[in-house]
Amino acid sequence: MLVWEMQQSVVVTLKVFATLRKKYGFREIEVRCDGTLRGLVEEAAKAVGNPELVYEVFDKDGKPRDDRIIMINGRNLKDLKGRVELKTGDVVAVFPPIAGG
Amino acid sequence: MGKILKVDLSTESIKVEKTSEEVARKYLGGKGYAVYLIYQYLKEYEAKGIAPRDIDPLGPENVLIFATGPATGVAGFPSPGRYHVMAIRSPLTGSIGSANSGGDWGPFLKFAGYDIVIIEGAADRPVYLSIVDGEAEILDASDLWGKNVFDTCRILKKKVGGKNTSVACIGPAGENLVYISCIMNDEHRAAGRTGLGAVMGSKLLKAIVVSGEQKVEVARPDEYKKASKEALEKMRKHPVTGEGLPTYGTAILVNIINNGGLFPYKNWQTAINPDAEAISGETLEKTYLIKRRPCWGCTIACGRVTKVEKGPYQILYSEGPEYESIWALGSATGVKELDAIVKANHYCDEFGMDTISMGSTIAAAMELVERGLIPEEELQGLDLKFGNAAAMVEAVWRTAYKSGFGKYLAMGSKRLCEVFGAPEYSMSVKGLEMPAYDPRGAKGIGIEYATANRGGCHVTGYTISVEVLGVPTKADPLVTENKAQLAIATQNFACVVNSTVNCLFTTFALGAKDYAQLLSAVTGWDLDTEELLRIGERIYNLERVMLNKLGFDGKDDVLPKRLLTEPLPEGPAKGHVVELDVMKEEYYKLRGWVDGRPTPEKLKELEIEL
Ligand code: SF4
């Protein structure tokens, strides 16, 4: 196995919702990445051919955007204390600000 | 201060009283003022030797109150198009009746000259109440009796004419005393919960039409202009009220709540719906949505107009379905055909029924059927299997007319499940069906449902905003710490909003401070955040005192057994139940209650005179 392939060692699904679907033209995509959230989103951005996707999830300082709801296997990133390590089969969901009642 | 219209349908007398500044200062308006008034009735009955428990929810002694608040109909106030309805007792729950609605009716009642309408007694023939430019009349409604909500609204609107004319009415479900019937206005807007349509039906009151051009004044115009501008700007800029809700409406919640493992499926047997995408806001937008329709004066405009072009569920104009309705009629019943949900939602509006209680009651029946607890002869061929769209739609109209098996569904899920010997399958609190969030995956909404005064209700205190949506802050949904406090804070603040009366959705962008500024300018009182929240707490506590008088206390602040003993089988909250006892203990301590009852000290502290 090549070094690059070893680093890109997990396969994760990225799902987007609401306005993001129209903007990026996909609902869900499975990508091979390095197991970091950043890596996942960067690989997905490459796959859909739109680098903007990265800034949909991260702010200028590289932090996950406060005004996005990011869920990993249904758990909000803000509730998951500590570093996120994605595993094969994980599902990451990104929502723009939405609400209802 | 404005005026209160007091109508006794038994004696056909109509009186006008002044809205009391003293009461308004303590209870604002809307729900708060109505709670105060209802408490006075309870006291009066007690003085006459009538015990609160002996008041028949469908007897002439029940009282119905329609109340606007200081913000209703005030242009420039954030989302000021709503009104609140209360009754001493709900036929569904036996506890207080309480519901809230949008549309035009609230503001137009004010333009017709009144803040509040009180309905006492019962008519001896079908009547409607006409309130036009200050003049009120009780008129014959025999030709309207039997008509659906849309026809009733259209006929009366045309008859009265005028620009600001609006109709609140009941459909066949209210006439037929269906316990889950509601009061509808402006065709598709519902004061949905606790069966108030049946209370109106029991009084033979078909409708209240309001019309007028009277101006609503604000006390400090310059200050108001500034406060209004600031608040509306905040709403416009806020991602939820400025973009999320206007673009997608409430149905957009389907996917996120399902993703969080909180979206009850098949009568709450699990909380992940494998077909959520098919009934989601995104799918609705692509298929049946045609445009938006706001309530009066609202800048958010979350209301949806829909159309199903062809097929068995064709409907050329409808409104909704909202998130809660999609969940109840779709996910709770396991139905994944969105057009069938649109149609069932339409029937609920047409006949005047609460979509949440309707869907949940059908779902409960489906579980009873699945478990073989309903004899076939009772079902009369209605194939109530989970996922059967046609049977779900048929069940809705059968309920409105109490036709066939519909006579059982018309009782609501609690009585239905009791009749068939399995009360544990009614997913209700205090007899009111719970809405679309499974508290096993969001603990705060669990203590909220259990302690909500009107029963299983999410808008009594919307903790989901914090637990799932992260607005204005984020809390972990799977922990119990601080959830009692969160439930109390949201319950008290919701009392302020429902007494203001404006839309709860403004609270995604605005806090108590914004409300204090706006309300001070409108009323001319100097309200600060602390006083406002104290008013909210006062309202909640007085309402609780009434519940106590009606026989409800700590033993009723509970959740269905399923949520306490059956762990969620899958998803992010897999293995979780609701740890209600720990949260409840903390809740009572923080509230200053003992076993669901406010202590005399607490009442004194809140200046509640009994
Ligand atoms: S936000 Fe929606 S429900 Fe609330 S007042 Fe506006 S249109 Fe009506």
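The values are calculated or read from the model by the stated rules, or taken from the named source; none is laboratory data. Predicted, not measured: the structure shown is a model, and the values here were computed from it. Don't worry about glycine lacking a Cβ; one is built from the backbone with ideal geometry, like all the others, and counts go over all protein chains shown. Just the protein is used for accessible areas: all its heavy atoms, side chains included, with ligands, DNA and RNA removed. Shrake-Rupley method; radii C 1.70, N 1.55, O 1.52, S 1.80 Å.
Gap in Å between the Cα centre of segment B:157-194 and the Cα centre of segment B:444-501?
Cα centres, segment B:444-501 to segment B:157-194: 29 Å.
Cut-off under 16 Å on the C-alpha distance; same-chain residues fewer than 8 positions from B:Lys385 excluded. Which lysines are left, in chain and number order?
Partners within reach: B:Lys266, B:Lys336.
What ratio of Cα Rg to 2.2 N^0.38 Å holds for chain B?
0.88
Let me confirm one metric for peptide B:237-250, namely the mean number of other chain beta-carbon atoms within 10 Å of its residues' beta-carbons.
Average neighbour count from other chains, rounded to a whole number: 4.
Using helices alone, what [θ] at 222 nm do you get for chain B, with -39,500 (n - 2.57) per DSSP H run of 4 or more residues, divided over all residues and rounded to the nearest 500?
-11000 deg cm²/dmol, from helical runs alone.
Accessible area lost on pairing B with A, both sides, 1.4 Å probe, Å² to nearest 100?
Buried surface at the B/A interface: approximately 2300 Å².
For B:Lys561 and B:Asp143, calculate 0.36 nm times their separation in residues minus their Cα-Cα distance, and state this gained length in nm to one decimal.
Working it through step by step, the gained length comes to 145.8 nm.
Which translational diffusion coefficient, to the nearest whole µm²/s, is obtained for segment B:1-129 from the Stokes-Einstein equation, given a Kirkwood hydrodynamic radius over C-alpha pairs, 10 °C and 1.306 mPa s?
My calculation gives 105 µm²/s for D.
How big is the protein assembly as shown in terms of Cα radius of gyration and Dmax, in angstroms?
Cα only, the protein assembly as shown: 24.8, 91 Å (Rg, Dmax).
Could you report the protein assembly as shown's accessible area per residue, 1.4 Å probe, as an integer in Å²?
Value returned for the protein assembly as shown: 36 Å² of accessible area per residue.
Percentage of Cα-Cα pair distances in segment A:2-95 greater than 17 Å, rounded to whole percent?
Tail of the P(r) past 17 Å holds 46 percent of the pairs.
How many nm separate the modelled label positions at B:Arg25 and B:Glu601, each set 7 Å beyond the Cα in the direction of the Cβ?
2.8 nm
Please report the base-10 log of the normalised intensity I(q)/I(0) for segment B:498-586, using a Debye sum with one equal scatterer per alpha carbon and no solvent, at each q in 0.17, 0.20, 0.23 (1/Å).
-0.92, -0.98, -1.07
Suppose we take every Cα in segment B:136-261 and form the convex hull; what volume per residue is that in Å³?
It is 181 Å³ per residue.
Nothing charged except the Cβ atoms of Lys and Arg (+1) and of Asp and Glu (-1): what's the magnitude of the dipole of segment A:2-95 about its Cα centre? Round to the nearest 20 debye.
Roughly 280 debye for segment A:2-95.
Please say if segment B:448-517 is rounded, prolate or oblate, where rounded means a/c under 1.5 for a ≥ b ≥ c the square roots of the C-alpha gyration tensor eigenvalues, and otherwise the choice is prolate for a/b larger than b/c and oblate otherwise?
Oblate is the answer for segment B:448-517, as a/c is 1.5 or above yet b/c matches or exceeds a/b.
What is the spin-label model distance, in nm, from B:Asp124 to A:Val54 if the labels are put 7 Å beyond Cα along the C-beta direction?
8.2 nm
Filter the trypsin sites (Lys or Arg not before Pro) in segment B:258-359 to those in DSSP coil with at most 11 other Cβ atoms within 10 Å of their Cβ, and list the result.
B:Lys310
When only alpha-carbon atoms are used, what values of Rg and Dmax, in angstrom, describe segment B:251-418?
Using the Cα atoms of segment B:251-418, the pair Rg, Dmax is 15.5, 52 Å.
FRET efficiency for B:Ala51 and B:Thr11, Cβ-Cβ distance as r, R0 = 22 Å, nearest 0.05?
0.35
Can you give the net charge of the other residues whose Cβ lies under 14 Å from the Cβ of B:Ile14, counting K and R as +1 and D and E as -1?
Net of charged neighbours comes to -3.
Within 10 Å, count the other beta carbons around each residue, average over each peptide in B:562-574, B:356-368, B:381-393, B:237-249, and list them highest first.
Put in order of decreasing packing, that is B:356-368, B:237-249, B:381-393, B:562-574.
Which whole-number percent is the relative contact order of segment B:494-550 (Cα, under 8 Å, 6+ apart)?
36 percent
If contacts are Cα pairs under 8 angstrom and at least 6 residues apart, what is the relative contact order of segment A:2-95 in percent?
35 percent
Roughly how crowded by other chains is peptide A:70-77, in terms of the mean Cβ count from those chains within 10 Å of each of its Cβ atoms?
Going residue by residue through A:70-77 and averaging, the value is 6.
Please report the carbon-and-sulfur percent of the accessible area for chain B; probe 1.4 Å, protein heavy atoms only, DNA, RNA and ligands left out.
50 percent
Ranked highest first by average number of other Cβ atoms within 10 Å, how do A:54-60, B:258-264 line up?
The most tightly packed comes first, giving B:258-264, A:54-60.
Within a 10 angstrom radius of each residue's Cβ in B:401-407, how many Cβ atoms of other chains show up on average? Whole number is fine.
Mean inter-chain Cβ contacts per residue within 10 Å come to 0.
Can you give me the distance in nm between label points at B:Arg154 and B:Lys574, each placed 7 Å from the Cα along the Cα-to-Cβ direction?
My value for the distance between the label points is 5.3 nm.
In whole Å, what is the distance between the alpha-carbon centres of segment B:257-272 and segment A:9-74?
Distance between centres, Cα-based: 25 Å.
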